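Every number here is computed from the coordinates shown, using simple stated rules; none is lab data. From a predicted model like this one, the values you see are computed outputs, not experimental measurements. Note that we place each Cβ from the backbone using ideal geometry, even for glycine, and neighbour counts take in every protein chain shown.
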Amino acid sequence: MRIKFLSYLVAVSAFTLVGCDSKSAEEYIAAAKVQYQKNDTQAAIIDLKNAIALAPKNKEARANLGKYYLGAGSFVESEKELRRALELGEAKDSVYPDLVKAIYYQNDFDRLILLAKDFTSSDPQVQSSVALFSFLAALKQTDNESDLSNDFSLMLGDDKTLAQVYYEFSQGNLEEADQLLTRFENPQQNHIEKLIVTGLLKAQLKQYAPAISALEQVVNLSPEYYVIQFQLADILINAQEYEKARTLTDQLLKINARSAYANLLMAKIELHDENYKKAFDAAEIAVQNGIDSTQSNLLAGVSAYKIERTESAYKYLSKASKRLPHDHMANRLLVDVKIRLGETENLAEMLEGISGQDAQKSSLLESAAMLKFREGDLEGSKSLFSQAKEGAPDNAVTLLREGLVKLSSGDQSGIESLESAVELDSTLNEAWSLLAQAHMQAKEPQKALAVAKRWQAVNEVDGLVLESYIYQQLNDDTQARGLLDKALSLEPDNFAAMRFLMLLNAREKRFSEARELAEKLITTSDNLDGKYQLVLTLINIAIAQNDMSSVESLFKSLLNEHKDEETSYTLQLKVGLTTLYNYQGEYQKSLALLEPLDDSKDFFVLSALGETYSGMNDFNNAKATFQRLIDAFPRDTRSWVQYINLLNKFNLQRDAVDSAARAELAIPNDPRLTVLSIRALIRSKAIEKAQQKMQAMKAKGNSSPMFTLFEGEIALFNKEYESASKLLTQYYNNYPSWDSAVPLANALAMQDKAELGGKYLVQQTAKSHSKLRNIHYIAEYYAKNGEQDAAGEYYQALLELIPEDFVTLNNYANLAIAQGNTGKAVELAQKALKIQPNSPYAMDTLGWALFHENKYSDALTYIKKAHAELPKNNEITLHLIELLIATGSKDKANGLINRFKPTNDVEKVTLTRLSESI
């Protein structure tokens, strides 16, 4: 009962409240007008919404609500209500002045112009207002301000003055426009637009305080008119009010984090505050989202340059530079970036475009000269050095590098450049060393020794080390050792002296002493550049001593000392360990060390990882890793060498040719890449092109020990077997490897010396820690060249290691057929087919084995299936012809014979025999 009583009281109270506040639509409209006059726009809007709730078709309420929404900066809602008022019969004269503004502030200028195109009014003030905003819309959408009409005859008073201000502003007459601002008579008429033009104009006049004040008022009056907030943020940046600009831009990014303009503004702010990574990210978002302008590309390019994102810097600065003066800072940065990337196209022209001859330009010219030098363009390099010296004639480093380039081109005036360099800066160690070497190359050892003596007067220890090195080149190791001992007595921890003594000990096979020095250098030296070479030297010494376990322990111990660090030093130690593991065939250990570093961009890490995958015969991962190496170091010859060597290893000769061509484009005039290209061409049987490249290299005075190998392989291709054997034996004796053993074995086999050739293959396989691939090759080599018993031994050994290996089973079955052991052949072929039931090779092998057991019907079934899968395989086709003849289908056999195209002498002989048997 109590619950019912309370409910009754609530109901009565609610009824009483409703009754007390009951208003008509007209009363709400009147109340709204009062609120609006008191500048309480939000209260006025609420009253009008109540009026419309009571009378949805009240055109006055709709028109007034549109007007009040306009005042509150809610332009979309304003247009919606004003159009509804028109639909309900409100007069155009009372709606259009506000409607054109609502559309204008949505930046929909085309629609505004279309709406007002044929509008006329008998009320001059209404006509004036619509004409003003039609003009402003035309101004905002035009690309050519000179085509803008200045006929303001339909405008009155402040409307006309406002139009004149904008017109003069658009024509660049800033002072005239500024004077017109003082002629406004009614500040409240089009108040927002007057504030906007005042802010923008004052900003152009660099009167930032009144500009900011005017636009801040607009933001307060129309907080949803975001265009002005963007413009205000830009002006704050120009006024160096960065904290205010950041606050405002942060607010804009909270509304839309991918906003192109907001990100552009933030990029400017972050660049000023030296937050280059954030600046780059923001500028890139701006470009990606539509602002692909000179400014946005410049911001992205400069930021990328600062964070050493060289490829990105090149991309964006290249785009920005197209619309910038030649002497703009961006073009200097672009030149530097092109040099870093090894990009020489248009480099000389860009450098010419940079005016003056300051130190920075000289530095760029010098860097460009070194790039030309590395590309093999020695004359271009010398020309650029001459230009560099004009801006910095007394730069010792420039003279040093010029000397290097001149000497490399055979120009002995390089010695004069080096003499000038040491005269200017006697502490320039590299200049002393190069000067001595220049005399050695000129076969002037006494002058070289005199240079070392002169250096000793400036730097006794380094001069002694240089003198020792000269004596080593003169094969006077006793004198060299004495000088190194003296140097180390003066400076016991001198890196160069210890290193040369280590190498001298290793050459004289004093491995224990060499190793002691190597370990000391690795554990104590701060010379990071030379440390990786020390790691490799220590590994080579350990191999020579057959004591790799102690080196492994040393590297592990050093890594343990730095277990919480990830530095260049620890990376070098890890790469050293993987080199050791790979040498021993322990690839999984290498992988365990390197896989956590998979995202590394360190050259040696990527190189070692690629070699590990290659050693595991994981071609896809090896290829992907070496491709990453090329992407990261496109101008480093070693990247390309490893990639192309991988393709050669897996007999992808055509790919190797293509990749070598790409490498030569990336790094022109590098003889090492030309040698790789020749090798790939020979192995892809493009002999003529290979010979042309060899002749071109010789014409330039370049040569390579591999030319002997190449000439031997060409002789082998041309069936000049005796000449091939001599050349290939000569090369193998100097450079024994699996790679040089294979062509030598093939040449010997063609002289009925397959057994001797096999010995070379076996010899190299014994040295390898990854033997399976080589053993497969040896077995096939023996089988192909008539050494069937030897081949059988190798196949049997392979099956004992891997009983289910498809290739071994299939190839061994073919060998058993050749040996006449058809029962074993059938057994092996059936096992192979069980492993790969759809393999046409296994079907052919089993069919051929059954043929030799006179089981023609079964044999024909398998070989027909194999031929259907591989109709262009000549070996399978010959087997099918043989079977068709044996089963009496001579017409079918004859049809195949007529279409058959033999590719070698063996096939020609077989085809003749089969033709004669029909």
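Working only within the range 693-709, note down all residues that are among the basic types (K, R) and in a loop (DSSP other than H, G, I, E, B).
Of everything in the range 693-709, just one residue is among the basic types (K, R) and in a loop (DSSP other than H, G, I, E, B), namely K700.
Looking across the range 681-698, the residues that are under 16 Å from N669 (Cβ atoms) and of a type in the set (A, V, I, L, M, F, W, C) come down to M694, A696, M697.
Of the residues making up the range 585-597, those that are outside any helix (DSSP H, G or I) and either crowded, with 16+ Cβ neighbours inside 10 Å or at negative phi (or both) number 1. Scanning the range 282-309 for residues that are among the charged types (D, E, K, R) and surrounded by fewer than 17 Cβ atoms within 10 Å (Cβ to Cβ), we see that the one that is nearest to R332 (Cα to Cα) is E308. Within the range 544-584, the set of residues being surrounded by 15 or more Cβ atoms within 10 Å (Cβ to Cβ) and of a type in the set (G, A, S) comprises just one member, G576.
Hand me the list of helices (runs of 4 or more DSSP H) wholly inside the range 35-97 holding 1 or more residues that are without any contact (Cβ under 8 Å) to a residue 24 or more places away in the chain and farther than 19 Å from Y225 by Cβ.
Details: elements: 41-54, 59-72, 75-87.
Because the criterion is at least 1 residues that are without any contact (Cβ under 8 Å) to a residue 24 or more places away in the chain and farther than 19 Å from Y225 by Cβ, the helices (runs of 4 or more DSSP H) in the range 35-97 that meet it are 41-54, 75-87.
If the condition is being farther than 19 Å from E611 by Cα, more than 31 Å from the chain's Cα centre (by Cα) and of a type in the set (V, I, T), then the range 533-585 contributes I541, V551. Within the range 433-445, residues that are surrounded by fewer than 15 Cβ atoms within 10 Å (Cβ to Cβ) have Cβ atoms under 8 Å from residues that are part of a helix (DSSP H, G or I) in these pairs: Q441/L407; A442/I415, counting only partners at least 6 apart in sequence or on another chain. Scanning the range 482-511 for residues that are of a type in the set (K, R), within 45 Å of the chain's Cα centre (by Cα) and assigned to a helix (DSSP H, G or I) returns R499, R507. Test S600 against the stated conditions and say whether it is out of contact with any Lys or Arg (no Cβ under 6 Å at 6 or more places or on another chain), of a type in the set (S, T, Y) and not in a helix (DSSP H, G or I). Yes: the conditions hold for S600.
With respect to (1) assigned to a loop (DSSP other than H, G, I, E, B); (2) free of Cβ contacts under 8 Å to residues at least 12 places away in the same chain; (3) closer than 28 Å to L534 by Cα, the lone exception for Q479 is condition (1).
Within the range 859-874, not a single residue is aromatic (F, W, Y), surrounded by fewer than 19 Cβ atoms within 10 Å (Cβ to Cβ) and part of a helix (DSSP H, G or I).
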